[in-house]
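Coordinate-derived values only; no laboratory data. Computed from a predicted structure; not experimentally measured. Here Cβ is always computed from backbone atoms with ideal geometry, including for glycine, and neighbour counts include all displayed protein chains.
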Amino acid sequence: MKKLFFLFITLSFFGKFMSQTERYIYQTEVNPDTINLVNMKVEKTFLDIKGKQSLFISESKLLQDSLRTVLRQQENTEVKKSRKSKSAFPKMPDGKSFQPTFFDYFIIKNDEDKSVQLVENIGSKQVYYKEDRKMSWDIAGQTSDFNDYKVQKARMKFGGRIWTAWFAPEIKISDGPYKFWGLPGLILKLEDDKGDYRFSFVKKITIPNSFSETIKPDARLSTRINFLGDKASVRMEMVKNKDPEINFDSFSRMSQRNGGMNGGFGGQPGMNGGMTNGDADGGQSDLQTGKQTQHSPANNGNMNVGNSNPIELSNK
């Protein structure tokens, strides 16, 4: 425990080399299984804005990746050797465990060249692709209030779902959760027509020294269609080379569940593994008032089932 605490202290110093970030925090609700009756699962996701670039990432993944970065930088061989005998989600200094995430990847958007890139870490390796579909929004005249902002409605069909967004024209940021961008204002609320995914803006904070994800120089560039196959190829190479960064147990489970997690569509990210239900900020925000409302608690405890409800249902 003391060693992990020391690592988090080190991480705070490591963060001094990072630039200031405007972080927009979203309460994110996911329905992991549309066949069986289960409760919505909740976690925090972040939209980090730095200059002309943004990063979409879940809180859990950001914490895990930042810790792994410090471990690699310190070349802590003792931790590496004991990794097999420890939980895949090590405990933090307060005794809590890292929780699995439905977003086991991060997305980088660049406002200058209008690019959107989805990146997934596989051990110490990375595989990524550039989104090749345009965001064609249908902006409606309907307006409302949300979290003390005036918001306007827009709709779009993307990835086999119809998405409804509420954006704030007064926030001059053409961005939003996941891959979504292109509206004349920041997206504060986003949900699909099936009610399986819901992103609700909670608050904005400024972080002077933030850890950030980047695409490594040796990352494998894939395509949206071939992404799943290229990920499997990288894993197989790491297993063949006995790369110490690969988690063999995770590899075996992922091989068995690949179809279910990715919805049968190559390149569309599924949410790897289950997660423990946790409320990002005490409940669901009401669109009209922005106030928090409590929802029924879900089963506490880790779920080890794969997500059978990917965020993208098709390649269209």
Of the listed links Lys61/Lys179; Lys204/Lys231; Lys203/Lys316; Lys150/Lys194; Lys153/Lys203, those spanning more than 23 angstrom between alpha carbons are Lys204/Lys231; Lys203/Lys316; Lys150/Lys194
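In what order do Leu188, Leu313, Leu183 fall by count of nearby beta-carbon atoms within 10 Å, going from fewest to most? Kindly include the intermediate steps, with their values, before the conclusion.
Values: Leu188 25, Leu313 17, Leu183 22.
In order of increasing Cβ crowding within 10 Å: Leu313, Leu183, Leu188.
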Exposure proxy order (Cβ contacts within 10 Å, fewest to most) of Thr69, Thr101:
Thr69, Thr101
